[in-house]
Amino acid sequence: MSDAKDLIVWHGPNTRSTGTVWLVEELGVPYELRKVDVFGGETREAEFLKINPAGKVPAIRHKGKTLTEMAAISLYLCDEFPDAGLAPAIHDPLRADYLYWSIFRPGVLEPALITKAQNLDVDPRTVGWGEWETVITLIETALNDGPWLLGERFSAADILIGGALGWMKHFNLMPGHSPINAYLDRLNARPARQRAQATNS
Ligand SMILES: N[C@@H](CCC(=O)N[C@@H](CS)C(=O)NCC(=O)O)C(=O)O
């Protein structure tokens, strides 16, 4: 049995760490939320750099171990709290797709989004994320089979991918008739997502 002291989440309101708060809300485990004023420069102050020398949120501490990088945090916490069912277990046929989409978030989707939003000039054959249109088509194709990336099963991969897709609206990059729009509506309707959003004010 864990208590709130076992898990600390450092969260910068209105940053990507909202996704990590969403994750722990979906896990339904007790945790202590520590807000960090990212826009006020707190992530670059000595006290916070002791937690994450990279000066970034999210960060967590669980059972005395500090971990950063939101995809790593997601994979770690889902394995630590398997009863929540947010990760298909090892040997579950859905496990491969779950890992694929979890890594797709920081490895492909995020850099593709930033490259597109900032109109950066890169050769798609030499960057690991390739072409923007291909990235979007991959996600749309995955959504053909069900409400979630793994079909009928909601997983932490939806939190990772869905969190970044929210930026598409923010950057005005959402294709008009994409199934991603309805997918985002489904994600936004989740109570855990709404509780995480409430920590941003
Ligand atoms: N690769 C990291 C990126 C984390 C990140 O860029 N966090 C931003 C907030 S969206 C941050 O903390 N920025 C504060 C700063 O750079 O001082 C992850 O995926 O967790």
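The values are calculated or read from the model by the stated rules, or taken from the named source; none is laboratory data. Since this is a predicted model, take the numbers as computed values, not measurements. Glycine also receives a Cβ, built like all others from the backbone with ideal geometry; neighbour counts cover every protein chain displayed. We work out accessible area using only protein heavy atoms, side chains counted, and drop any ligands, DNA or RNA first. Shrake-Rupley method; radii C 1.70, N 1.55, O 1.52, S 1.80 Å.
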HN-Hα couplings for the range 152-157 via Karplus (6.51, -1.76, 1.60; θ = phi - 60°), in whole Hz with x for Gly/Pro, come out as 6, 9, 6, 9, 4, 5
On the accessible surface of the chain, probed at 1.4 Å with all protein chains in place, carbon and sulfur together account for a percent value of 53 percent
FRET efficiency (Asn181, Asp6; Cβ distance; R0 30 Å; to 0.05) is 0.20
So, with points 7 Å from each Cα along the Cβ direction, the Leu49-Ala84 label distance in nm works out to 3.1 nm
Nearest-0.05 FRET efficiency for Arg34 and Val127 at R0 = 30 Å, using Cβ-Cβ distance, is 0.30
If the chain between Asp92 and Thr66 were fully extended at 0.36 nm per residue, the gain over the current Cα-Cα distance would be 6.5 nm
Once all protein chains are kept in place, Met70 shows an accessible area at probe 1.4 Å, nearest 10 Å², of 20 Å²
Per-residue accessible area, 1.4 Å probe, largest first, puts Tyr76, Tyr100 in the order Tyr100, Tyr76
Rounded to the nearest Å, the spacing of the alpha-carbon centers of the range 23-45 and the range 115-177 is 25 Å
If every Lys and Arg gets +1 and every Asp and Glu gets -1 at its Cβ, then about the Cα centre the range 4-86 yields a dipole, in debye to the nearest 20, of 280 debye
Length gained if Asn172 through Glu152 is fully extended, taking 0.36 nm per residue and subtracting the Cα-Cα distance, is 4.3 nm
For the pair Gln194 and Thr137, the simple spin-label estimate (label points 7 Å beyond Cα toward Cβ) gives in nm 3.8 nm
What helix-only [θ] at 222 nm does the chain give? Using -39500 (n - 2.57) per DSSP H run of at least 4, over all residues, to the nearest 500, the answer is -12500 deg cm²/dmol
